[in-house]
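Only one structure is covered here, and it is reproduced in the block below.
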Amino acid sequence: MDESTVTRRNLLKTAGIAGAAVGVGSLLPSTVLGSDGRWETLVPAASNPTMVGVPFERHEKVRLGIIGVGGRGTGVCSEFLAVPGVEVKAVCDVIPSKTANAASMVERRGQPRPTEYHNGDHDYENLCKRDDLDLIYIATPWIWHVRMALSSLENGHHTATEVPSARTLDECWALVNASEKAHKHCMMFENCCYGETELMVLRMVRAGLLGELTHGAGAYQHDLRGELFSNGGEGLWRRFEHLDRNGNLYPTHGLGPVANYLECNRGDRFDHMVSMSSQSVGLQAWREQHLKADDPRMKEVYHCGDQNTSLIKTAKGRVITVEHNVSEPHPYDRINLIAGTKGIFRDYPERLYIDGQKEGEQFVGLDKYKPEYLHPLWAENGDRARKNGGHGGMDYIMCYRVIQCMLQGIPPDFDVYDSASWSAPAPLSEISVAKGSAPVKFPDFTRGNWKTPRPFAGV
Ligand SMILES: NC(=O)c1ccc[n+]([C@@H]2O[C@H](COP(=O)([O-])OP(=O)(O)OC[C@H]3O[C@@H](n4cnc5c(N)ncnc54)[C@H](O)[C@@H]3O)[C@@H](O)[C@H]2O)c1
């Protein structure tokens with residue numbers, strides 16, 4: 001398929017979900033009004049053992065298959081090739097030039113040329129049927145993530161998706177059920193959890209520097225207007241998400257690190273949320289300036305509000321703010337705030353205030369804390385990460401850590417319950433917005449196992 005022939009209708013049709021998985025209307029029937037006045041979703045009965053704390057089997061090396069080698073998949077493929085112990089065995093994309101590009105990159109890095117799968121929208125199923133893969137990583141448009149992950153899990157592979165793993169609550173549950181049934185991990189590669197700052201702050205929080213934690217905030221404030229209207233890459237699919245949906249479409253980059261600080265799914269959990277969206281005007285204003293009057297995209301109607309702000313309350317009573325805005329001018333910002341009874345950290349730029357500090361009541365930089373709190377993953381791999389890695393090196397650190405867990409035979413840092421819980425604010429925000437910002441309950445994807453303490457990246 002040529003890039004120019006990829007249309008929204010094609011994407012939905014070939015994914016087999018046209019009219020089913022898009023639109024708030026399809027989300028509403030799975031919610032019921034609870035006795036406490038909050039909307040909640042139905043929880044399927046457990047039928048298989050939990051995946052909480054399940055270690056990987058120990059691997060001598062990790063044989064990798066990649067589905068989707070566009071911008072992100074190619075970048076992460078390059079990161080994995082820099083990690084000792086990884087063999088890239090198979091790559092898949094609907095565009096043959098992209099699999100050829102990725103396969104050549106693998107060869108240039110000294111490995112045998114991987115098998116290329118580019119025979120249409122469902123050739124990924126043939127990649128998934130291979131019995132010589134240890135991990136399949138999926139970096140395709142969002143509407144494909146879950147069906148590809150299900151195919152991978154059903155064929156017995158550990159699986160990783162790009163962010164967000166899922167777009168609907170039903171999809172979240174489908175991943176949980178499939179991971180448990182296959183007894184294979186289904187991770188969401190939330191790279192922001194592996195930033196140098198995020199891992200350092202995680203250690204500071206665990207050491208008690210901020211006292212008892214009470215609130216956090218995360219965001220995805222990224223001016224994607226040019227990208228959304230481009231004629232390649234994400235411009236071919238991501239803008240379409242703004243047509244039918246209205247909520248926080250991309251919650252995980254801001255939320256993942258904050259969920260870790262607060263030990264969500266490891267002692268606390270997201271309980272319920274409320275959400276509000278502003279009106280939708282940013283993309284319309286941008287296209288007025290940049291598109292010709294007869295461009296077909298001038299007729300598109302975007303329902304997604306430019307600014308979405310959601311509030312999550314946790315079972316322990318903490319409050320998390322999550323924001324999303326990709327449609328207006330804004331310097332890149334994930335907020336990355338965590339606070340408690342002894343102090344507060346916030347990012348962009350990174351700054352800290354500890355009650356009673358000698359500098360007085362003002363924020364100070366993190367430098368003086370680095371010698372004690374820099375995470376060992378960064379202390380040992382920081383130079384290599386910055387040299388190889390995208391997003392300041394966090395992508396390399398994430399890939400390195402996943403492979404480390406598989407080689408050592410220990411549990412992954414994140415599992416299918418994190419994939420589901422961190423993706424769920426997207427559909428839950430859509431429900432809340434559609435119901436006039438009503439509170440909506442989070443499903444407990446762990447089925448009661450959220451109190452089990454477990455480390456993230458050894459912390
Ligand atoms: N974690 C991060 O920092 C980060 C950064 C960018 C993108 N992403 C995520 O990565 C994913 C991909 O984004 P991208 O920027 O690479 O987009 P992209 O459009 O550049 O790449 C997607 C690729 O998937 C391919 N594809 C589509 N349908 C397919 C199918 N049926 N079978 C095989 N291949 C198919 C496309 O041809 C394309 O090459 C998205 O989920 C996005 O949210 C994450």
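For the reader, a short list of remarks on this structure follows.
- Scanning region 383-436 for residues that are of a type in the set (Asp, Glu) and under 17 Å from the mean Cα position of the chain (by Cα), we see that the one that is nearest to THR159 (Cα to Cα) is ASP415.
- The residues in region 336-379 that are of a type in the set (Phe, Trp, Tyr), under 21 Å from GLY254 (Cα atoms) and in contact (Cβ under 8 Å) with a residue 40 or more places away in the chain can be counted, and the count is 2.
- Only one of LEU291, LEU249, LEU262 that is within 16 Å of the ligand (Cβ to nearest atom), hydrophobic (A, V, I, L, M, F, W, C) and modelled with pLDDT of 95 or more: LEU249
- Restricted to region 364-456, the set of helices (runs of 4 or more DSSP H) holding at least 2 residues that are surrounded by fewer than 20 Cβ atoms within 10 Å (Cβ to Cβ) comprises 370-373, 376-388, 394-408.
- Look at (1) among the aliphatic types (A, V, I, L, M); (2) over 18 Å from the mean Cα position of the chain (by Cα); (3) surrounded by 21 or more Cβ atoms within 10 Å (Cβ to Cβ); (4) closer than 19 Å to VAL440 by Cβ and you find that MET276 fails only one, number (3).
Results for (1) on the phi < 0 side of the Ramachandran plot; (2) in contact with a Lys or Arg (Cβ under 9 Å, 6 or more places away or on another chain); (3) modelled with pLDDT of 95 or more; (4) not hydroxyl-bearing (Ser, Thr, Tyr), shown as yes or no for each residue.
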{"site": "HIS185", "(1), (2), (3), (4)": "yes, no, yes, yes"}
{"site": "THR197", "(1), (2), (3), (4)": "yes, no, yes, no"}
{"site": "LEU213", "(1), (2), (3), (4)": "yes, yes, yes, yes"}
{"site": "TYR220", "(1), (2), (3), (4)": "yes, yes, yes, no"}
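- Count of residues meeting criterion [away from the ligand (no atom under 14 Å from the Cβ), buried (at least 16 other Cβ atoms within 10 Å of the Cβ) and more than 15 Å from ARG63 (Cα to Cα)] in region 106-121: 0
- Any hit, region 144-152, residues being more than 16 Å from the ligand (Cβ to nearest atom) and modelled with pLDDT of 95 or more: no
- Search result, residues across region 182-231 that are within 16 Å of the ligand (Cβ to nearest atom), under 25 Å from THR140 (Cβ atoms) and in a helix (DSSP H, G or I): ASN191, CYS192, CYS193, TYR194, ARG225, GLY226, GLU227, LEU228
- So ILE320, is it assigned to a loop (DSSP other than H, G, I, E, B) and either out of contact with any Pro (no Cβ under 7 Å at 6 or more places or on another chain) or not basic (Lys, Arg) (or both): no
- Within region 205-223, restricting attention to residues that are of a type outside the set (Gly, Ala, Ser) and buried (at least 22 other Cβ atoms within 10 Å of the Cβ), the residue that is farthest from LYS316 (Cα to Cα) is TYR220.
- Test: residue in region 185-197 that is farther than 27 Å from PHE56 by Cβ and in contact (Cβ under 8 Å) with a residue 12 or more places away in the chain: yes
- Region 225-240 residues that are under 20 Å from GLN307 (Cβ atoms), paired with ones that are more than 10 Å from the ligand (Cβ to nearest atom) and among the small types (Gly, Ala, Ser) (beta carbon under 8 Å, 6 or more apart): ARG225/GLY282; ARG225/SER327; LEU228/SER327
- Within the set MET148, MET204, the sole residue that is closer than 30 Å to SER432 by Cα and among the aliphatic types (A, V, I, L, M) turns out to be MET148.
- Residue count for region 391-419, restricted to those that are within 16 Å of the ligand (Cβ to nearest atom) and either touching a Pro at 6+ places or on another chain (Cβ under 6 Å) or of a type outside the set (Phe, Trp, Tyr) (or both): 13.
- Residue in region 170-181 that is assigned to a helix (DSSP H, G or I), within 15 Å of the ligand (Cβ to nearest atom) and surrounded by fewer than 22 Cβ atoms within 10 Å (Cβ to Cβ) present: no
- The residue list ARG351, ARG346, ARG318, ARG287 contains one member that is touching a Lys or Arg at 6+ places or on another chain (Cβ under 9 Å) and of a type outside the set (A, V, I, L, M, F, W, C), which is ARG287.
- As a summary of the residue check, CYS304 satisfies the conditions (1) within 30 Å of LEU210 (Cα to Cα); (2) surrounded by 13 or more Cβ atoms within 10 Å (Cβ to Cβ) except for the one numbered (1).
- Every residue from region 86-95 that is more than 10 Å from the ligand (Cβ to nearest atom) and either in contact with a His (Cβ under 8 Å, 6 or more places away or on another chain) or within 27 Å of GLU234 (Cα to Cα) (or both): VAL88, LYS89, ALA90
- Test: residue in region 63-80 that is modelled with pLDDT of 95 or more, of a type in the set (A, V, I, L, M, F, W, C), away from the ligand (no atom under 16 Å from the Cβ) and touching a Phe, Trp or Tyr at 6+ places or on another chain (Cβ under 7 Å): no
- For region 224-237, a residue qualifies if it is in contact with a helix residue (DSSP H, G or I) (Cβ under 7 Å, 6 or more places away or on another chain) and either farther than 27 Å from ASP413 by Cβ or crowded, with 20+ Cβ neighbours inside 10 Å (or both), and the qualifying residues are ARG225, GLU227, LEU228, PHE229, GLY232, GLY233, GLY235, LEU236, TRP237.
- Residues (without any contact (Cβ under 8 Å) to a residue 60 or more places away in the chain and either more than 10 Å from the ligand (Cβ to nearest atom) or surrounded by fewer than 22 Cβ atoms within 10 Å (Cβ to Cβ) (or both)) located in region 123-143: ASP123, GLU125, ASN126, LYS129, ASP131
The values are calculated or read from the model by the stated rules, or taken from the named source; none is laboratory data. Being a predicted model, the structure only gives us computed values, none of them experimental. Cβ sites come from the backbone with ideal geometry, for glycine too, and all protein chains shown count toward neighbours.
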